[in-house]
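The values are calculated or read from the model by the stated rules, or taken from the named source; none is laboratory data. Keep in mind it's a predicted model, so treat the numbers as computed, not measured. Positions of Cβ are backbone-derived with ideal geometry, glycine not excepted, and every protein chain shown enters the neighbour counts.
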Amino acid sequence: MSKIGELGKKVEFVLKNEGVGSVVKKSYTYVKLTGARMRDKKYTGKVFKDVLFINGVDFEALPHPPRYRVLHQIEQLKANNIDCDQNFYLHLNFDQVRNYRVFIIYRAPYNEELGKFIRKAKELNKTVIYDIDDLVIDTKYTDTIKYLKTMSPEEKDGYDQGVRDMQKTLSMCDAVITTTEGMANELKNYCPKVFINRNTASEEMVSLSEEAYAKIKCQKDELGNVKLGYFSGSITHNDDFILIQPAIEKLMKKYQNVELHIVGLLDIPKEFESFKDRVIAHPFVNWKELPDLIASIDINLAPLEESIFNEAKSENKWIEAALVRVPTVASNLGAFKRMIQNEKTGVLCNTTDDWYTALESLILDKSKRNNIAENAYHYCIENCTTVLTGYSLAKFLKSMMRPNIAFVLPALNISGGIMVAFEHCKVLRENGYDVVIINDDFDESRWVTFSGIEFPVMPSRYSYFKGSFDKVVATMWSTVKFLEKYTNIKERYYLVQNFETNFYKSGDTLRLEANSKYSPNVPVQFLTISKWCQAWLKEKYEKSARYLPNGIHTENYKGTKRSFEGKIKILIEGDCGVYYKNVDESFKITNQLDRDKFEVWYLSYNAKPKDWYKVDKFFNKVPFEEVSKVYKACDILLKTSILESFSYPPLEMMASGGYVVAVPNGGNVEYLKHEENCLFYEQGNIQDGVNSILRISNQKELRENLYKNGIKTANQRNWNSLQKEILEFYS
């Protein structure tokens, strides 16, 4: 069935069962949510921020809790320079696991999609935190809620399963954020790391409260009635009201000017029948209208029945009343006991007699009401608002963030310097780093796999960067631009793998731009994998660079000792479209060889052979993991590059047990030694190149020496022995 057909069926069902009004209301909600989701879909996966809140409570069904625990905490963090997003857990896009450093899951029950998301986040060394503001994580707590006894067995089973599912999600997390000390004490039994971030009032709440107070202030001065307000919230608070019912009943009988205002769901006791004209029931109101309603009363009632569940509840009712300068009388329990200074910012009660005495004194003494209300207002403005309380939350989240590092790559194809960067990424990931790849070309891929490890990719041209990076590594001159433009980076690195100025011929404007990045306009730490690069960085640009030797996975290249029986296979490697690879010279040499004795293979990632090249086998865009097979199948590598920072092919050929003939350059003299593990020939001397190949082919003793030392050189460069150096490299 089409989506339009499905929608029609739903409209027909609602119309038949719930009426026209419900159709209008649900249609409005559908359009509103669909528009928001379409905008989110366009944005999802294309942003990098620090925190994603995953909300497990439907805003439409129960707006109050997620407003406090999601929207208000987002406001706290934004006020402290931590950018956040939020998403409903059932709308979570798996790709979003790439885009954030920390995930805060608010009251979401476990499902397989969420479990898969959390496991992937952990694999990527990201931080996952649970946020919970009620003890709905174990039936031993929820079974103490008397209202649940009114549920049918089926309803209770469903409720209990939801509680168990929340505990399951919590158990997968690194830490828990909660609202009160009572909550924290219990949660420590389920997760050792618990942080208290109390509920606070948002900027909009404060603003609306100020407006409400200004509107009602004059009216209160004119009226003689004293209004007691009980904002019950849900039907589960019946038992709380029963605590104070005798005191309220007695006061209303004694003082004819006392009114009881009830907001929300509450069973009004039959004992109140005699003064029912002074018991005013109000329906639930939108939170933006709530300040007006609270401001209209004179005394806020906040009773709580003593239980472990209620000990954990927050002080929201006191804060909301304080913001409109209404005094609160509350049970001397949990968060109220912690936050209210008795007789100064509120009144705390233990017994029914306490409630009667406290309320009577406030009913009779308007100045006392005003004094307590003003004290509570000033305390809450300073200590219970999002803007002024978010620093400790931001500090906690930063302490929980795993170190993150981004490598800005010019492309994702695994070759040369990009492979080196991925080797570093692999070691860093395996040692606890949250590693991100920022891809600088037009590829929109969101994941890349190297050596069996999947790395998240943020395409630089299609992404919005607003999060923080501990370290960012540029890997080519063009990627240094990211270091220069993006400000939210603690440490900037430039991994120099070649003298990139000479990638371009004189007259090419890119030559000037490449050279400028050795003098970047932001502080940058220089790194290199070549002693040759280390030397010219110091000599030409006065830049001190850390040096780390390049490595090789020798286990992937182990081949057999070459027999030199039958045709001898010569391997030429390099992009003939890049002038400094000097591939033409390789073919000028091999074109002179006797093709009855020699066979020529050509391996190139991008360019294809020129017409005059004599090639027996051509390999193009060979996957990285397949390259070693080509080396193992050949006997001699002919490598004629004139510019290399570190030349990998000779090392790969030696690791496979083969032989190397090469032109010496800055990138190979670091480990290649003439007559020891290779034969060098002078660039441009074609005959010398031919003779070097013939010498290896004909002289068994020379081959023995080159083979032994070649294997030794490769083993000294094994990546597995360089892990410590890589970690120190980026420390």
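Of all the residues that make up the stretch 457-479, how many are in a helix (DSSP H, G or I), surrounded by 20 or more Cβ atoms within 10 Å (Cβ to Cβ) and in contact (Cβ under 8 Å) with a residue 60 or more places away in the chain?
Residues meeting the conditions: 1.
I'd like to check which strands (runs of 3 or more DSSP E) are fully inside the stretch 606-669 and have at least 3 residues that are farther than 20 Å from residue 689 by Cβ and touching a strand residue (DSSP E or B) at 6+ places or on another chain (Cβ under 6 Å).
617-620
Under 8 Å between Cβ atoms, at least 6 apart or on separate chains: pull out the pairs that start in the stretch 616-634 with a residue that is at pLDDT 90 or above and end on any residue that is assigned to a helix (DSSP H, G or I) and among the acidic types (Asp, Glu).
Close Cβ pairs satisfying both conditions: 627/652; 628/652; 631/652.
Surrounded by fewer than 20 Cβ atoms within 10 Å (Cβ to Cβ), touching a residue at least 24 places away in the same chain (Cβ under 8 Å) and farther than 30 Å from residue 195 by Cβ: which single residue out of 274, 296 fits that description?
Going through 274, 296 in turn, the sole match is 296.
Which is surrounded by 21 or more Cβ atoms within 10 Å (Cβ to Cβ) and either within 42 Å of the chain's Cα centre (by Cα) or closer than 27 Å to residue 684 by Cα (or both), of 576, 533?
Checking each option against the conditions leaves just 533.
So residue 313 ticks every box in (1) under 23 Å from residue 197 (Cβ atoms); (2) of a type in the set (Lys, Arg); (3) modelled with pLDDT of 95 or more; (4) crowded, with 17+ Cβ neighbours inside 10 Å but one. Which box is left unticked?
The single condition residue 313 does not satisfy is (3).
Given the conditions (1) under 23 Å from residue 644 (Cβ atoms); (2) modelled with pLDDT of 95 or more, report the number of the one that residue 717 does not fulfil.
Result: residue 717 fails condition (2) only.
Are any of the residues in the stretch 127-145 without any contact (Cβ under 8 Å) to a residue 12 or more places away in the chain and closer than 24 Å to residue 313 by Cα?
Among the residues of the stretch 127-145, at least one is without any contact (Cβ under 8 Å) to a residue 12 or more places away in the chain and closer than 24 Å to residue 313 by Cα, which makes the answer yes.
Return the residues of the stretch 546-560 that are polar (S, T, N, Q) and under 15 Å from residue 713 (Cα atoms); say none if nothing qualifies. It would help to see each step written out before you state the result.
The first filter runs over the stretch 546-560 and keeps only residues polar (S, T, N, Q), leaving 550, 554, 556, 560.
Those that are polar (S, T, N, Q) and under 15 Å from residue 713 (Cα atoms): 550, 554.
Condition first: touching a strand residue (DSSP E or B) at 6+ places or on another chain (Cβ under 9 Å) and outside any helix (DSSP H, G or I). Now tell me which residues in the stretch 130-178 satisfy that.
Within the stretch 130-178, 130, 131, 132, 133, 137, 172, 173, 174, 175, 176, 177, 178 qualify.
Being among the acidic types (Asp, Glu), assigned by TED's automatic domain parsing to the domain that holds residue 511 and not in a strand (DSSP E or B) is the requirement here; does residue 454 meet it?
Spelling it out, it is not the case that residue 454 is among the acidic types (Asp, Glu), assigned by TED's automatic domain parsing to the domain that holds residue 511 and not in a strand (DSSP E or B).
Restricting to the stretch 390-439, what's the tally of residues that are assigned to a helix (DSSP H, G or I) and aliphatic (A, V, I, L, M)?
10
Residue under question is residue 686, and the condition is that it be under 18 Å from residue 635 (Cα atoms) and modelled with pLDDT of 95 or more; does it hold?
no
For residue 430, indicate whether it is acidic (Asp, Glu) and either touching a Gly at 6+ places or on another chain (Cβ under 8 Å) or within 29 Å of residue 621 (Cβ to Cβ) (or both).
Criteria met by residue 430.
When the stretch 63-102 is examined, which residues are found to be part of a strand (DSSP E or B), in contact with a Ser or Thr (Cβ under 7 Å, 6 or more places away or on another chain) and of a type outside the set (Val, Ile, Thr)?
Selection gives 101 alone.
Name the pairs whose Cβ atoms lie under 6 Å apart, with the first residue in the stretch 597-611 and surrounded by 15 or more Cβ atoms within 10 Å (Cβ to Cβ), the second among the β-branched types (Val, Ile, Thr) and not in a strand (DSSP E or B), and 6 or more positions between them or separate chains?
Pairs found: 600/590; 600/615; 602/615; 603/630; 609/615.
Yes/no per residue for (1) crowded, with 19+ Cβ neighbours inside 10 Å; (2) of a type outside the set (Val, Ile, Thr); (3) at pLDDT 95 or above:
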{"site": "165", "(1), (2), (3)": "no, yes, yes"}
{"site": "175", "(1), (2), (3)": "yes, yes, yes"}
{"site": "236", "(1), (2), (3)": "no, no, no"}
{"site": "251", "(1), (2), (3)": "yes, yes, yes"}
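Would a scan of the stretch 205-222 turn up a residue that is more than 21 Å from residue 322 (Cα to Cα) and either assigned to a strand (DSSP E or B) or of a type in the set (S, T, N, Q) (or both)?
No - not one qualifying residue is present in the stretch 205-222.
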